[in-house]
1. Count, please, the residues in the stretch 93-108 that happen to be in a loop (DSSP other than H, G, I, E, B) and surrounded by fewer than 18 Cβ atoms within 10 Å (Cβ to Cβ).
2. Determine, yes or no, whether Val31 is on the phi < 0 side of the Ramachandran plot, in a strand (DSSP E or B) and either surrounded by fewer than 20 Cβ atoms within 10 Å (Cβ to Cβ) or not hydrophobic (A, V, I, L, M, F, W, C) (or both).
3. Residues of the stretch 113-124 being within 15 Å of Asp50 (Cβ to Cβ) and modelled with pLDDT of 85 or more, which ones?
4. Got a sec? Which of Tyr85, Tyr90 is hydroxyl-bearing (Ser, Thr, Tyr), open to solvent by 40 Å² or more (accessible area, probe 1.4 Å), modelled with pLDDT under 95 and within 13 Å of the chain's Cα centre (by Cα)?
5. In the stretch 93-107, which residue that is aliphatic (A, V, I, L, M) and under 21 Å from His212 (Cα atoms) is modelled with the lowest pLDDT?
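The values are calculated or read from the model by the stated rules, or taken from the named source; none is laboratory data. Because the structure is predicted, anything quoted here is derived from the model rather than measured. Here the Cβ positions follow ideal geometry from the backbone for every residue, glycine too, while neighbour counts run over all protein chains shown. Each accessible area value is taken on the protein alone, full model and side chains, heavy atoms only, with ligands, DNA and RNA left out. Shrake-Rupley method; radii C 1.70, N 1.55, O 1.52, S 1.80 Å.
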Amino acid sequence: MTIRVLIVDDQELIRIGFRLFLQTQADLEVVGEAADGHEALMRAAELRPDVVLMDVRMPRMDGVEATARLTATERPPRVLVLTTYDLDEYVFGALRAGASGFLLKDAPRERLLEAIHVVHQGEALLSPSITRRLIEDYADRADPVRPSPDLLTALTPREREMLLLIAQGLSNQEIAARLVVTEATVKSHVGSVFAKLHLRDRVQAVVLAYEHGIVVPGRRPNPL
């Protein structure tokens, strides 16, 4: 299957660089480019890309708003946010808006290819280390509230434990080691958590943890 890619960045040289590299890959097709979020919406509606490489800092409409509008469409593409800094002030907003992950613009080419394939397959590109840094740097900027009882009553005790560990940034492998279970068991429980809470992926699980005060920097995680 060929993955259709739309490149969104206000710097023409960056768009050209990405295009020239991606066009060398047999399973990738660059279907178009856009210089800002407003143009990205029009091009996405016209071209129906599978994956959008989305810059965050752009004129007219930034990548956060564009991401929110794209992911709210009937057939949304997967959005991979591109940023110059690994904790760009817009990154968390983009993740909350529905982005599937983010990548540094100076990441190795192999990492870019991996990222495109990961998000295209419906997974989230958010490493445990980045998850933990996001928690530390962003959660204290909000006004966290206690988890809603109604939100969590559908979860079994084990599933609540899974959500807490995901919120702390642990990978499936790390959770399996912590609980002394197999990774397959962890994947099953995590999938059940996502289904019951209507979460698309790990990114949304971490965002939910921020917004409900499940994890607050400098404190032990709130019990669920």
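1. Here the count works out to 4.
2. Values: on the phi < 0 side of the Ramachandran plot: yes; in a strand (DSSP E or B): yes; either surrounded by fewer than 20 Cβ atoms within 10 Å (Cβ to Cβ) or not hydrophobic (A, V, I, L, M, F, W, C) (or both): yes.
When the stated conditions are applied, Val31 passes them.
3. Applying the first criterion (within 15 Å of Asp50 (Cβ to Cβ)) to the stretch 113-124 yields 113, 115-123.
Selection gives Leu113, Ala115, Ile116, His117, Val119, His120.
4. Working: Tyr85 fails: within 13 Å of the chain's Cα centre (by Cα).
Of the residues listed, the single one that is hydroxyl-bearing (Ser, Thr, Tyr), open to solvent by 40 Å² or more (accessible area, probe 1.4 Å), modelled with pLDDT under 95 and within 13 Å of the chain's Cα centre (by Cα) is Tyr90.
5. Of the residues in the stretch 93-107, the ones aliphatic (A, V, I, L, M) are 94-95, 97, 99, 103-104, 107.
Next, only the ones that are under 21 Å from His212 (Cα atoms) stay: 94-95, 97, 99.
Working: Ala94: 79, Leu95: 76, Ala97: 82, Ala99: 87.
Among them, the one singled out is Leu95.
Residues checked against (1) part of a loop (DSSP other than H, G, I, E, B); (2) assigned by the TED database to the domain that holds Arg200; (3) not acidic (Asp, Glu):
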residue	(1), (2), (3)
Phe21	no, no, yes
Arg43	no, no, yes
Val52	no, no, yes
Met61	yes, no, yes
Ala68	no, no, yes
Glu110	no, no, no
